Amino acid sequence: MKYLRTGGIIGLMLVNLLFFEWTVAAQENSLITPESFFGFKPGADRMLFDYEQMIEYLQKIDAVSPKLKMEMIGYSPEGRPIYIAFFSAEENISRLEELKTVNRELALNPDISEGVLESMVTEGKVFVLATLSMHSTEVGPSQSAPLIAYDLVTTNDPAKLRWLNDVVFMMVPCHNPDGMDMVVKNYNKYKGTRYEGASLPGVYHKYVGHDNNRDFVTLSQEDNKAIAAIYNLTWFPQVMVEKHQMGSTGARLFVPPTNDPIAENVDAGIFTWSGIFGQNMVNDLTRDNLAGVTQRYLFDDYWPGSTETCIWKNVIGFLTEMASVRDATPVYVEPTELSAGGKGLAEYKKSTNMLLPWEGGWWRLGDIVEYEIATTMSILKTASLHREEILRFRNALCVKEVNKGKTATPYYYIMPLEQHDQGELPGIVNLMKEHGVRCYELTGDILLEGRIFKAGDVVIPLAQPFRSFIKEVMEVQEFPERHYTPGGELIRPYDITSWSLPLHRQVKSYGIDVQSPELEAVLSEIEDEYSLTEPLKDEIYAVCFPVNYNESFRAAFNAAGKGIKVERLTKSMEVGGKPVGAGSFITFYDPADKESWNAVMEEISFRAIPVTDKSDMQSEPLVMPRIALVETWFHDMDAGWTRFLFDRFHIPYTVLRPGDFKETDLAADFDVVVFPDNDKNVLMTGKRKSGDDYSMSSYHPDYVKGMEKEGLENLMTFVDKGGIIIAWGRSANLFEGILKIKKSKDEEEEFELPFSDISENLRNDGLYIPGSLMKLNILQDHPLTLGMPEQIGIFSRGRPVFRTGIPMFDTDRRVIGTYPEKDILLSGYAAGEEKVGNKAAMIWMRKGKGQFVLYGFNPQFRASTQSSFKLLFNALLLEQL
């Protein structure tokens, strides 16, 4: 009888289990299909869904399927929520937190015992992270997301079920929600008209457009912070793929491995594994007759900055690139139009790097979606096949990097507390912590390598799992020269060649090549957000923000914007017993507005100097200028970065389009006009030019208006009335040669500024600077260089380079920044660097009462060149004549 009761209980449990499984299956089978939900099958010609529709669909699946869990991980710059979707077997989804702990241990713990490691490998799953469509005109990856999601939660395919048992697929369905909505809205606006497929005017992001994939060292953008945290701080996936698109007339798909050069600090195993994933994609897609797949082509894994910066964090990371259509409009590619070029694929022919060429014809969004699904499934299959190897590899690499930090130089980087710009030290420390790097403070003085380091100095040991990243961003960059043939043409870098945080931020840092138990005994980990602020006494009259700190400008601009009284010192002096330079800011405390005061003070991370009285101070009120920031509609990323910098530093501005210049009373509305780097022809005509020919724009005609002759004349009238022009990069060429001021209907005045750009001649003579940090000698005691040291590093592409001459009539000039005569390269790569030796890279000029400040470099490049920010801020505050 007892046996029967037990059997009955077991039977009841089996019935309940079967009922539950039947219920789940019924729910999944009753899921609305993507086609039913959206009203079209994703990938259909000329049809796109937007971000909110996609997320709503995924949330509907999440509500009923135990194989999917969605989690919000942050917000976009415009405030849209960003999600990650976890797909796996039901049991894995139910124990995500446990598996998350396993991931963390494998990634960060070099001391796991053999028995515990075996258990983790046995029980753990490979986490594969995919980030989709960060570049929003590359719509295919996000448009494929609902189909992939539906397939993974409803499949009965034994192979896919096995993959889901071994793998947790982490899909970020859209890396850039703001841009996705912009692009879809723009496409639908012109669909069915002659302008269908017209490019989105402006950048597909609040600020930086395509450069959102250049931000993964600096982590300046909110969406990138959310993505990077996944592999830096929270989930620690073992594999990551970012999904992109490329041009329409070449290969259909790029998969890893990349071409040369590759990062020398990254372990060889990372590249080996990415090659395994890539080769399996080639095998799987070629088997299914998905043609045009290429490897070892065009792209490299040398520079950090893309989402793939994860490879410096021991993640097997890679990208795929699909051939594009016109958003969702099909394109027909003639076989004669198919081409290839660049490293890895010199001809569009069958080769080891493209085994099955695509023959041309119609190419549709549906084709892109098909390839996206195929590559995703191939990646999941590979991760499943090698589950145990990948998990072991992750911890083995953690152990290897930590041991390397104990046996190879440098052993530590030390940044002294005392810096020329003290505000940049907390910036680096907090950024490194955001990258998952542990930072420490010295609790006592210590002598190392003949140098005394003091209590409070910051130490970053290299015996950490992310050693390769620490070394990469703290050292000086030396570009690994590789050639197509021995002694032949250089394989050029895909992007920039310098990203050293200390050099870019003008922070002193020392690599220490001796191990020191004494040093390690006086280290205290920085656990919380790092700040150098100190409490201020109640009886203060004001505070002084020293001019040599970038963050002083930010605090002063913030205070002025809140109506707090701010003044600038007109000469160097002692304040609160400390020497401060001319141009430092005195910000006055108003007890009646503590809220504004506290908002300003809470934002700073450096030590403000208390001021108890204003006796003997020589200062003038800070007057914020009325700034026009010129931004074209042509995906103007440098202008977008400038907007970001201005917003972060509380600098008010008005965006002015080139087509606005004709009708705007510049002198009445503005004091300063800022021209970020852009092509002179785009600014003047709204068209790009190659040689003697202009090219047709892909934008709607409303967005291709230049300044034209009348707009430039209006700008010169602004100068004639005392306006200030600030320009850098190619925009400086606007002001070269003979210019005209229209005095009246019948009177014009011609003039020529005493400078010319000689960079083209230098390039023809062998100068090649692909984006490097170069030394610049700074003229001292000038209003444009307040707070600047005698020499800094500036980010240069070798254009423009200025030659000044003897001025005529009512013009004048001063050279503000000059390249040294020799040893000019600070970090990166430069061929023929001696050709810029003793040449001008920053100049000030006057025409009558008008002023020009021109830079041969980007002073705010990608918000990553803090060493030169003050050269821009001082220019904005330049007094009118």
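The values are calculated or read from the model by the stated rules, or taken from the named source; none is laboratory data. Note that this is a predicted model, so its numbers are computed, not measured. Note that each Cβ is placed from the backbone with ideal geometry, even for glycine, and that neighbours are counted across all protein chains shown. Ligands, DNA and RNA are stripped out before the accessible areas are found, and what is left, the full protein with its side chains, is counted by its heavy atoms. Shrake-Rupley method; radii C 1.70, N 1.55, O 1.52, S 1.80 Å.
Taking 0.36 nm per intervening residue step and subtracting the Cα-Cα distance, what contour gain separates Glu821 from Lys454 on full extension?
Values: separation 367, 0.36 × 367 = 132.12 nm, distance 3.53 nm.
Result: 128.6 nm gained on full extension.
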What is the Cα radius of gyration of the stretch 467-583 over 2.2 N^0.38 Å, N being its residue count? 1.66
Once the Cα gyration tensor of the stretch 55-152 is diagonalised, semi-axes √(5λ) in Å: 30, 17, 12
Any idea what log10 I(q)/I(0) is at q = 0.11, 0.12, 0.16, 0.23 Å⁻¹ for the stretch 289-393, Debye with uniform C-alpha scatterers and no solvent? -0.46, -0.55, -0.93, -1.36
In the structure displayed, which of Lys41/Lys206; Lys433/Lys571; Lys125/Lys404 lie more than 32 Å apart, Cα to Cα? Lys433/Lys571
At q = 0.21 1/Å the base-10 log of I(q)/I(0) from the Debye formula over the alpha-carbon atoms of the stretch 163-261 is -1.27
Could you work out how far the C-alpha centroid of the stretch 428-506 sits from that of the stretch 109-142, in angstrom? 26
How large are Rg and Dmax for the stretch 538-608 when only the alpha carbon atoms are used, in Å? 11.3, 31
Value of D in µm² per second that Stokes-Einstein yields for the stretch 627-695, Kirkwood Rh from Cα pairs, at 4 °C (1.567 mPa s): 100
What is the helix-to-structure angle for 550-561, meaning the angle in degrees between its Cα long axis and the longest Cα principal axis of the chain, kept from 0 to 90 and rounded to the nearest 10? 80
Please grab the % of Cα pairs in the stretch 98-241 that end up more than 27 Å from each other. 39
If one compares the long axis through the Cα atoms of helix 424-434 with the longest principal axis of the Cα atoms of the chain, the angle in degrees, nearest 10, works out at 10
Between Glu489 and Lys350, how high is the FRET efficiency from 1/(1 + (r/R0)^6) when r is the Cβ-Cβ distance and R₀ = 35 Å? Nearest 0.05. 0.90
Once the Cα gyration tensor of the chain is diagonalised, semi-axes √(5λ) in Å: 48, 35, 27
Can you tell me the length gained on complete extension of the stretch Tyr75 to Asn283, counting 0.36 nm per residue apart and subtracting the Cα distance? 71.1 nm
Would you mind giving the average projected area, over all directions, of the Cα convex hull of the stretch 664-769 in nm² with one decimal? 8.8
Considering only protein heavy atoms and a 1.4 Å probe, what is the carbon-and-sulfur percentage of the accessible area of the stretch 332-436? 53
What are the lysines whose alpha-carbon lies under 18 Å from the alpha-carbon of Lys454, with same-chain residues fewer than 8 places away excluded? Lys508
Please report the net charge: other residues with Cβ closer than 13 Å to the Cβ of Pro410, K and R +1, D and E -1. 0
Can you compute the FRET efficiency between Asp528 and Val623 using 1/(1 + (r/R0)^6), with r the Cβ-Cβ distance and R0 = 30 Å? Round to the nearest 0.05. 0.20
Yeah, the stretch 337-462 with a ≥ b ≥ c from its alpha-carbon gyration tensor (a/c under 1.5 is rounded, else prolate when a/b outruns b/c, oblate otherwise) is prolate
Rounding to the nearest 10 and keeping the result within 0 to 90°, find how far the Cα-based axis of helix 2-29 lies from the longest principal axis of the chain. 50
Taking only the alpha-carbon atoms of the stretch 787-881, what semi-axes of the equivalent ellipsoid follow from 5 times the gyration tensor eigenvalues under a square root, in whole Å, largest first? 24, 18, 10
Please compute the contact order of the chain in relative form: average sequence separation of alpha-carbon pairs under 8 Å and at least six residues apart, divided by the residue count, as a percent. 10
Reciprocal of mean inverse Cα separation for the stretch 400-472 (Kirkwood radius, Å): 12.9
What are the radius of gyration and Dmax of the stretch 761-837, computed over its Cα atoms and given in Å? 13.8, 42
Cut-off 20 Å, label point 7 angstrom out along Cα-to-Cβ of Lys565: give me the residues of the stretch 596-630 whose amide nitrogen falls inside. 596-601, 609-625
What percent antiparallel are the DSSP beta bridges of the chain, to the nearest 5? 70
Treat each spin label as a single point 7 Å out from the Cα along the C-beta direction, and report the Lys100 to Asp781 distance in nm. 6.0
For n ≥ 4 DSSP H runs only, could you compute -39500 (n - 2.57) per run for the chain, divide by its residues and tell me the 222 nm figure to the nearest 500? -10000 deg cm²/dmol
Once the convex hull of the alpha carbons of the stretch 614-734 is built, what does its volume come to per residue, in cubic angstrom? 128
For the stretch 718-730, 3J(HN,Hα) per residue [Karplus equation, 6.51 cos²θ - 1.76 cosθ + 1.60, θ = phi - 60°, Hz, x = Gly/Pro]: 4, 5, 4, 8, x, x, 10, 10, 10, 8, 9, x, 5
Per-selection Kirkwood Rh - the stretch 504-657 (Cα, Å, 1 d.p.): 18.1
P(r) of the stretch 719-783 over all Cα-Cα pairs, 5 Å bins starting at 0, rounded to whole percent, reads 3, 10, 14, 21, 18, 13, 9, 6, 3, 1
How far apart, in nm, are the 7 Å Cα→Cβ label points at Asp693 and Gln59? 5.1
Can you tell me the relative contact order of the stretch 124-271? Whole percent, Cα pairs under 8 Å, sequence separation 6 or more. 35
If I model a spin label at Asp445 and Thr804 as a point 7 Å from the Cα along the Cα→Cβ vector, what separation in nanometres do I get? 4.4
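Report relative contact order for the stretch 366-478 in percent, whole number only (criteria: Cα-Cα under 8 Å, sequence separation at least 6). Before the final figure, lay out each step's value.
Numbers: 104 pairs, mean separation 34.7, N = 113.
Relative contact order comes out at 31 percent.
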Could you let me know the centre-to-centre spacing of the stretch 695-737 and the stretch 215-242, using Cα atoms, in angstrom? 38
In range of the label at Ala599: residues from the stretch 550-580 whose backbone nitrogen is under 20 Å from the point 7 Å along Cα→Cβ: 551-567
Long-range Cα-Cα pairs in the stretch 567-640 (distance over 21 Å), rounded percent: 48
State whether the stretch 705-757 is rounded, prolate or oblate according to the following rule on the C-alpha gyration tensor (a ≥ b ≥ c being the square roots of its eigenvalues): a/c under 1.5 gives rounded; otherwise a/b larger than b/c gives prolate, and the remaining case gives oblate. prolate
Scattering profile of the stretch 745-797 from the Debye formula, Cα beads only, expressed as log10 I(q)/I(0) at q = 0.12, 0.16, 0.23 Å⁻¹, is -0.53, -0.76, -1.00
